[in-house]
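Single-structure report; data block below.
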Amino acid sequence: MSTVANMAKVPELRKRILFTLGMLAVYRLGVHVPSPGIDAAELAKFFSDKGDTILGVFNVFSGGALERLSIFALGIMPYISASIIMQLLAPTIPYLERLKKEGELGQRKITQYSRYLTIVISCVQGFGLAAYFQSQGVVINPGLAFKIQTVITLAAGTAFLMWLGEQITERGIGNGISLIIYAGIVAGLPGAISNTVTLVQENQMAVLSLIFMCVFMAAVIYGIVYVEQAYRRVPVQVAKRVVGRKVFQGQNTGIPIKVNSAGVMAAIFAMAIISGPISLARLSNIPWLQRFSQQYLSFDGWITNVIMVVLIIFFFFFYTAIQDQTNPEKIAENIKKSGGYIPGIRPGRATADYLEKVIVRIAFVGAIYTCLVCVLPGILQSNAGVSFYFGGTSLLIVVGVALDTMQQIQAHLVSHDYDAMMGGNVRGRKLKGRRAG
């Protein structure tokens, strides 16, 4: 409660929160704006029995935009896919690698290329969706003109969401892209709860199954919060130093390495990649491929889960490797510059090798944890007969983004308190100087 009270007292933070809420409200309004040329009644009928299929999964991550084929039907996933491709290409293409080393200016260039690639991916996916829904008979005037206008509409919607996320990151409380996904998932909760209550009232779902599912989800949420805040502390001893006339005493400190160093990005990246081939399989007109996708490529199918686990592990280690706070060479260099050392480990290369072993072991535990959270709840809910998708990936994203957002808010509060304290000290010194004069 004290944090909420402090948020209201800080004008800058209050403006950032209101701006973020306003941008998310714009996003939710856009979800209800349909693309032109769609028969809304036929589309609703088509999606009435798609809640437990892979289309239902994609609909959750688009915030319900897919079932309306709104201007935001593609969601923010094309931008995430483009970012993944650029990060994978950076180590292999010398030009991109040079840009990455140029700091903020180079990062702006890479971001610009990611935007262009986002538009290309959006056009491809938009054309696939237009062709698929046209084949399902939910289009008023089918033809090439419908496909072209749908591609333009959906690509423009994704570009607007991309801009919206960047604005939230710069002028809001941060994590713009993650907050858009978070808002889309949370927006489906009231309807999902209402549908579940209806199932229980109509005796289509046992009360014990509902209680067990709620207890299990509460336990999973508790486990996510616990692991998200867990870290391994690597001890560091800083020796006594003399700089000029000042003497800095030695001290024992530590480097915290998070268990889930990749956060929610590994799950988001995996979902973004897996959506491509599954969408193509579902949208194809090949009978055997459609039968295969319907039988195995569902969110509780073993093939999908195996692919999901492999992608999560890959992206977990990949995202951990590209972050500065988990880069063993940079950590070892910073320790050496500060005059510190890890007890029992020689400074320099030996420290980097030791840190690499520690980070790999912790990352392995974090990757296994992420896989369990993303896969097991979905399988359990499917076996319990739940008619909506709110599996482990959604839980991880919702809880992870909520924790990150609270940390951002806490950082703003600490920064404000520090600035206020320093401002008070400066004013006090000026006042003492005037009195002395």
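The values are calculated or read from the model by the stated rules, or taken from the named source; none is laboratory data. Computed from a prediction, not measured in an experiment: that's the story for all the values here. Cβ sites come from the backbone with ideal geometry, for glycine too, and all protein chains shown count toward neighbours. Note: areas computed on protein heavy atoms with side chains; ligands, DNA, RNA excluded. Shrake-Rupley method; radii C 1.70, N 1.55, O 1.52, S 1.80 Å.
So here's what we get for this one:
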{"quantity": "Selection count where residues are within 30 Å of Lys147 (Cβ to Cβ) and of a type in the set (Asp, Glu), scope segment 91-128", "calculated": "0"}
{"quantity": "Complete set of residues in segment 313-361 that are part of a helix (DSSP H, G or I), open to solvent by less than 30 Å² (accessible area, probe 1.4 Å) and under 23 Å from Met271 (Cα atoms)", "calculated": "Phe315, Phe316, Thr320"}
{"quantity": "Selection status of Gly106, in a helix (DSSP H, G or I), surrounded by fewer than 22 Cβ atoms within 10 Å (Cβ to Cβ) and either of a type outside the set (Val, Ile, Thr) or in contact (Cβ under 8 Å) with a residue 24 or more places away in the chain (or both)", "calculated": "yes"}
{"quantity": "Of the criteria (1) surrounded by fewer than 16 Cβ atoms within 10 Å (Cβ to Cβ); (2) at pLDDT 80 or above; (3) of a type in the set (D, E, K, R), which one Arg68 fails", "calculated": "(1)"}
{"quantity": "Of all residues making up segment 161-182, the number that are more than 18 Å from Gln407 (Cβ to Cβ) and touching a residue at least 24 places away in the same chain (Cβ under 8 Å)", "calculated": "7"}
{"quantity": "Residues of segment 80-99 classified as open to solvent by 30 Å² or more (accessible area, probe 1.4 Å) and either in a helix (DSSP H, G or I) or among the small types (Gly, Ala, Ser) (or both), total", "calculated": "8"}
{"quantity": "Test: Gly174 is outside any helix (DSSP H, G or I) and either touching a His at 6+ places or on another chain (Cβ under 6 Å) or crowded, with 17+ Cβ neighbours inside 10 Å (or both)", "calculated": "yes"}
{"quantity": "Residue in segment 24-38 that is surrounded by the most Cβ atoms within 10 Å (Cβ to Cβ), counting only those that are outside any helix (DSSP H, G or I) and either out of contact with any helix residue (DSSP H, G or I) (no Cβ under 9 Å at 6 or more places or on another chain) or touching a residue at least 60 places away in the same chain (Cβ under 8 Å) (or both)", "calculated": "Ser35"}
{"quantity": "Tabulated pairs, segment 217-240, first surrounded by 12 or more Cβ atoms within 10 Å (Cβ to Cβ), second of a type in the set (D, E, K, R), C-beta under 6 angstrom, 6+ apart or interchain", "calculated": "Tyr231/Lys258"}
{"quantity": "Flag for Ile278 being assigned to a helix (DSSP H, G or I) and at pLDDT 75 or above", "calculated": "no"}
{"quantity": "Residue ID - farthest from Glu12 (Cα to Cα), chosen from residues in segment 192-205 that are of a type outside the set (S, T, N, Q) and in contact (Cβ under 8 Å) with a residue 12 or more places away in the chain", "calculated": "Met205"}
{"quantity": "Residue within segment 320-328 that is under 26 Å from Ala262 (Cβ atoms), hydrophobic (A, V, I, L, M, F, W, C) and modelled with pLDDT of 85 or more present", "calculated": "no"}
